[in-house]
Amino acid sequence: MAPESRTLKERLAPLMHWDTGLAVALVAVAIFGSSVSSQFFSSYNIFTLCTNIGDLAIMALPMTLIIITGEIDLSVASILAVSAETLGALWTHHWPLALIFVVCLAIGALAGFINGVLITRVGLPSLAVTIGTLTLYRGLANVILGASTVSNFPSPFNNLGVTGFLGISWLSWSVAIFLVLAVITGVVLRRTPFGRSLFAIGLSQEAAFHAGMRVKRTKLLLFVLSGVVAAAVGLLYAFELSSAGENIGIGFELQVITIVLLGGVSIFGGKGTILGVALAAFVYAGLRSALLLTSSFNENDFEVVSGGLLILSVLIPNAASFVQRARALMRRGQMRDRRKLLALADAEVLDRE
Amino acid sequence: MSATTTEAPPTIAPESPRRLVDLVLRARTFGILGVLLLFVLITTAIQPRFLHAANIQFILATTALYALVAVGETFVVITRNVDLSVGSVVGLSAYVSANMFQAHHGIPIPVVFLVGLGVGVACGLVTGIITAVGRVPSLVVTLAMLYIIRGFDTIIVGSGQVVANSLPNSFINIFHATILGIPDVAIAVAVVVAIAAFYLRTYRSGRELYAIGSDPDAARLGGIPIARRIFGAFVLSGALAGLGGVLWATQYNTIDATAATGLELQIIAAVVVGGVAIFGGSGSVVGAALGALLLQTINSALNVLGVASLWTEAISGFLLLVAITLDRGIQLRLAAALRRRRVHLGA
């Protein structure tokens, strides 16, 4: 009996994987969506869903790499805003678009570089630094355009938010770009020494350092990358909206982090997959779209759901590892006393942090 | 071992490490006061109107709200956590408490304060339980709570808002009343700051907050009930933010669903500028209150000097970065100095 049940358990083990759970959730969301409304799978709705999620998903890629190394970047939405508002300001001054793109991406790189230098060279915690730059960059973005809005962008770019990718009516440009970048990021993360080193850094900075990895330079590079990507998304997003104005992209950092953590990336670093993040992005977008199709739900209600998802995506693995450790301790028969057992399992969960 | 040991306990010599740390921390507080004074002098030199009694009263009264919420935030940050949800708590509490006047005519003002406090405590309880029991990092929990509470606020407020003429004059006057020229709210908050400072300095549980923040593992091995202390810090932060919401209502009078959006960043800036280490384990509520005063003074100075208020946000972010960078420098120097001393004394 016992060995047989164990083999069954072993056979079921891959199904317990987070990515598998997300795939199941994605199917569930699709079923839920189509049961809510026949409009769910309409090409228009899928396109809207794609435009909504594509930008966030693109920003989630560098965020995934940063969180895997055990850091965080809360300033991405503010960098997005600086880039979008710069685009607006320079466009009204009749700069050529190509030059504006270069300037915006350079600003993004500089913003990320400032984050990275403060974190890696000065040695400050990324949480504090990026809370500071979240405020600083958002403040600067507000100064660039003030209360005015710019919306007269030229036609091929202005249509990004309404026409599909290469004539595919349901696929937005942002998701097409995301899929390409996701494959590249996934390969780099899994198959290159650089990608593998991110996990090593996230698990133990010191061990990674003594193994000869350039911990500081790697992190600096990731923050610059995050800045450039956020700035690029700023351009894309402004074109999709056909406007750049006050408060653009405000609060996006929460949604990006929600997608990353929902994708099974550990907030403590050292663990995560791009596939999980991509699945999470579509689960998130699908759930949002399905809920908004029900008449009783609006954007504000989804804000509550989104926050709840964020908490659950850390709470569930925490609870699972607690239960796992408690059961392991019980099987070893070490702890008869229930309270002691709980305390010990708790301590082991803490040690993981 | 024996009761007759002749060795006296070593007295703390003037150059002992403990004294040095104290000195640096005190210098940090005086540093804020120095910057504050500098700002006041420069602004007054350019625009003497800045030092008018009415302007000083206004600065003190607006600081009261920030200092009050900053006290709660300080408790949380000392334990190496962070509370990003305070802005949303202030917003929700401001609406719910001010709306009491519309819902129940002639409701006594103390009851309204209790309602605000209750809203804050409820929010703090949820955050505290998820953080302390669920072991979810406070950054994640409070970032999520920021949006969850704001979402609830938007749902409750709907398309309505509280307008000034639905509030009784006695309520609005709370913000403007003064005793001997000092705003009542500033005095009340100063009392809260004093009590909190006394608690953190002298009570065992207060000291334990510092122990948790400076080394969580050591604190756990030392038998400190970490979960309970962190839980308590979050409940206090929620409670003070709830009271802050009522103050917000007395000050702004018109309250919609966007009230106090982004306030958490100003509060964290005040706390960090005030010398509370973002790594936890160090800092004081007096420093945090001074940090709030400094930020409000700068706001007012920019206003008086005619600099667009658009710059306020950028400047508080910049000051936050300057403060953590300076603190890091001080911390490294201090650690190096202590190490040298230890080598020197052979301890």
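FYI, it's all coordinate maths here, none of it is from the lab. Just so we're clear, the structure is a prediction, and the values are computed from it rather than from any experiment. Methodologically, a virtual Cβ is constructed for each residue, glycine included, from the backbone with ideal geometry; neighbour enumeration extends over all protein chains shown.
General observations
- Farthest toward the positive end of the dipole of the stretch B:120-253, out of B:ILE230, B:ALA197, B:LEU247, is the Cα of B:ILE230, where the dipole comes from beta carbon charges about the Cα centre.
- Farthest toward positive dipole pole in the stretch A:36-296 [+1 Lys/Arg, -1 Asp/Glu at C-beta], among A:ALA207, A:VAL260, A:SER126: A:ALA207
- Note on the protein assembly as shown: dipole from Cβ charges, positive end direction compared against A:LEU166, B:ALA132, B:GLY213; the farthest Cα belongs to B:GLY213.
- Label-point gap, in nm, between B:VAL163 and B:ARG204 - each point 7 angstrom along Cα→Cβ: 5.7
- Rounded to the nearest 20, the Cβ-based charge dipole of chain A about its Cα centre (Lys and Arg +1, Asp and Glu -1) stands at 1520 debye.
- Residue order, fewest to most surrounding Cβ atoms within 10 angstrom, among B:HIS176, B:HIS105: B:HIS105, B:HIS176
- Out of every Cα-Cα pair that the protein assembly as shown contains, those further apart than 44 angstrom amount to 26 percent.
- Per-residue [θ]222 nm for chain A (sum of -39500 (n - 2.57) over DSSP H runs n ≥ 4, rounded to 500): -24500 deg cm²/dmol
- Of B:ASP217, A:ASP73, the sequence from fewest to most neighbouring Cβ atoms within 10 angstrom is B:ASP217, A:ASP73.
- Global geometry of the stretch B:27-336, whether rounded, prolate or oblate, following the gyration tensor of its Cα atoms and the 1.5 cut on a/c: oblate
- Global form of the stretch B:156-244, assessed from the alpha-carbon gyration tensor, a/c cut-off 1.5: oblate
- Charges were assigned to the Cβ only: +1 to each Lys and Arg, -1 to each Asp and Glu. The resulting dipole of the protein assembly as shown about its Cα centre is roughly 2480 debye.
- Three-way shape label, the stretch B:201-347, alpha-carbon gyration tensor, a/c 1.5: oblate
- Packing-based exposure ordering (other Cβ within 10 Å, fewest first) of A:THR192, B:THR312, B:THR131: A:THR192, B:THR312, B:THR131
- The Kirkwood radius of the stretch B:92-249, taken over pairs of alpha-carbon atoms, gives through the Stokes-Einstein law at 25 °C and 0.890 mPa s a diffusion coefficient of 140 µm² s⁻¹.
- When chain A is treated as a GNM with alpha-carbon contacts under 10 Å, the residue of A:LEU49, A:LEU222, A:LEU181 showing the greatest mean-square fluctuation is A:LEU181.
- With loop membership from DSSP and a limit of 11 other Cβ atoms within 10 Å, the longest segment of chain B without GluC sites (Glu not before Pro) is B:16-347.
- Exercise: per-residue mean of other protein chain Cβ atoms within 10 Å, A:245-253: 1
- Label-point separation, B:LEU221 to A:VAL117 (7 Å along Cα→Cβ), nm: 3.9
- Pairwise Cα distances in chain A exceed 34 Å in 32 percent of cases.
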